[in-house]
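Data first, discussion second: the structure below is written as structure tokens.
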Amino acid sequence: MGHYMDYAATSAVRPPEVAEAVAGFLLGVGCTPGRGGHSGAMEAARLAFRCRRELGRIMGLPGDPGRIAFMQNATHALNTSLWGLLDEGDTLVVSQYDHNAVLRPSHYLSRERGVKVRMLSGSPDGAVDLDEAGRLLDGARVLVVNAASNVLGTTMPLRALSRIAHAAGAVVVVDAAQSAGHSSRSLSADGADVVAFTGHKGLLGPQGTGGLWVRDGLEVRSFLSGGTGGDSRRRRMPAAMPDRLEAGTGNPPGLAGLLAGCRFLAGRGVDTLHAHEMALKAELLDGLSSVPGIRVLSPPAPDGVPVVTVAATDMDAASLAGLLDREHGIQTRAGLHCAPEVHRILGTSGEGAVRFSLGWASTRDDVEASVRAVDAVVRPVAVPVV
């Protein structure tokens, strides 16, 4: 695979236990939770419960594991939360750090339900203005907080924003797509009412896994309707979680892999792995900062996630990423990263930028190879031969 530097998109390099768990489920169980009372279905249900429980432990989500409903990914979970919480004429507060998984549903909610959307300003250093947040949250129903930027690698002040939002009577929805598996800090303790996450990034699970945690006492209307394996006479979705949000057959083989990923993280220690990733991030940031013709866009935030995004002075992002891959085996992500407002802040909304992102298996060799490769690609363009 060369030097994989795109963990923020997908943890394509996974512990072998993850693939073994997926294969083991397909070969040894193969059934769906809630679809029958036979031994295979019951074993699948036990695995799903264990996965919910491990997810709660890894992300610090308290209470009944059944408050976690499985989804296809964070996009599915965010759509479910926003469509399930907002009514005609409600006010939604988002930020310039948000992913299109928030911005696009917001657009459709504005058009189809008359939801008023207010946007909290961002800045190149990842900061927010809490006074502005207070003004925007006046009368709001929902605040979305991006736990970690997939472009800048910075975090938002969730605890402070949650206090302001709750004082205004708003529900706090956290997009934990980039932070889940990278931090043991409890999002619930910091004020989250709803947490959307995906399984294929920091949690090391397969694609097609993720979920939505909803705190006890809060109701999110179902986004999809269909079979749940129980209460089949009712025309309405069941009232109890997680069934009310889990219509149709899910991805139990993926959940087996996600459970294995969570167990791997728990065994190694989330904070231990994250410290390793962030140490490599610091080295990568320093190295890329020294390359002529490269502008490092990610601030050196010690409490963020292992993302370093750069722009070249004399080369577009797609060309830089393509040359890094073809000539040096460095796999990165070029473009707008589904976060156009962040690139608007950075002045890169035309061609985007190149993102390097590290993960559990990243090494110093990956970092050094990346810096050498960027220098080899950019220097001849940035410093013409006289």
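Calculated from DSSP H runs of 4 or more alone, at -39500 (n - 2.57) each and per residue, what is the 222 nm mean residue ellipticity of the chain, nearest 500? Don't jump to the answer; show the numbers that get you there.
Working: 11 runs with 153 residues, N = 386.
For the chain, the value works out to -13000 deg cm²/dmol.
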Over all alpha-carbon pairs in the chain, figure out the percentage whose distance exceeds 39 Å.
18
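Taking the Cα centre as origin and putting +1 on Lys and Arg beta-carbons and -1 on Asp and Glu beta-carbons, what dipole magnitude results for the chain, to the nearest 20 debye?
On the way: 37 positive and 39 negative charges, 249 e Å.
Computed about the Cα centre, the dipole is about 1200 debye.
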In whole Hz and in residue order, list the ³J(HN,Hα) couplings for the stretch 293-309 that follow from phi through the Karplus curve 6.51 cos²θ - 1.76 cosθ + 1.60, θ = phi - 60°; x for Gly and Pro.
x, 10, 10, 7, 9, 7, x, x, 8, x, 9, x, 10, x, 10, 10, 10
Please list, ordered by chain and number, the residues whose modelled amide H lies under 5 Å from the amide H of Ser188; skip anything fewer than 5 residues away on the same chain.
none
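Under a 1.4 Å probe, what is the accessible area of the chain per residue, stated in Å²?
Details: 15880 Å² over 386 residues.
In whole numbers, the chain has 41 Å² accessible per residue.
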How far is it, in nm, from the label point at Ala167 to the one at Glu368 when both lie 7 Å from their Cα along the line to the Cβ?
5.1
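Would you calculate the volume per residue, in Å³, of the smallest convex hull containing every Cα atom of the stretch 94-186?
Numbers: hull volume 8.6 nm³, N = 93.
Hull volume normalised by residue count: 93 Å³.
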Can you find, among Asn251, Ile330, Ala318, the residue sitting farthest towards the positive end of the charge dipole of the stretch 251-360, where Lys and Arg contribute +1 and Asp and Glu -1 at Cβ?
Asn251
Between the residues Ala165, Gly208, Ala239, the Cα farthest towards the positive end of the dipole of the stretch 108-253, that dipole coming from +1 and -1 charges on the beta-carbon of Lys, Arg, Asp and Glu, is from Ala239
In nm, the gap between the two label points placed 7 Å beyond Cα toward Cβ at Asp316 and His107 is 2.1
With +1 on each Lys and Arg Cβ and -1 on each Asp and Glu Cβ, how big is the dipole of the stretch 300-351 about its Cα centre, in debye rounded to the nearest 20?
100
Rounded to a whole number, what % of the accessible area of the chain do carbon and sulfur atoms account for, probe 1.4 Å?
51
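Assign one of three labels to the stretch 2-70, namely rounded, prolate or oblate, based on the Cα gyration tensor with a ≥ b ≥ c the square roots of its eigenvalues; rounded applies when a/c is under 1.5, prolate when it is not and a/b is larger than b/c, and oblate otherwise. Before the final figure, lay out the partial values.
On the way: a/c = 3.06, a/b = 1.35, b/c = 2.26.
It is oblate, given that a/c is not under 1.5 and a/b is not larger than b/c.
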Farthest toward the dipole's positive end in the chain, which of Ala353, Tyr97, Leu297, given Cβ charges of +1 (Lys, Arg) and -1 (Asp, Glu) about the Cα centre?
Tyr97
Virtual spin-label span in nm between Ala239 and Met119, 7 Å along Cα→Cβ:
4.1
Selected from His99, His38, His76 as most flexible by GNM, with the chain as the system and alpha-carbon contacts under 10 Å
His38
Computed over the stretch 227-386: relative contact order in percent, which uses C-alpha pairs under 8 Å that are six or more apart:
24
Heavy-atom accessible area of Phe223 with all protein chains present, probe 1.4 Å, nearest 10 Å²?
90
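Take peptides 189-197, 348-356 and line them up by average Cβ neighbours within 10 Å, highest first, as a rough protection proxy. Don't skip to the end; give the middle numbers.
Working: 189-197: 24.4, 348-356: 22.6.
Packing proxy ranking, top to bottom: 189-197, 348-356.
The values are calculated or read from the model by the stated rules, or taken from the named source; none is laboratory data. Everything numeric here is computed off the predicted structure, so don't read it as measured data. All Cβ positions, even for glycine, are placed from backbone atoms using ideal geometry, and neighbour counts span all protein chains on display. Surface areas here come from the heavy atoms of the whole protein model, side chains and all, with no ligands, DNA or RNA. Shrake-Rupley method; radii C 1.70, N 1.55, O 1.52, S 1.80 Å.
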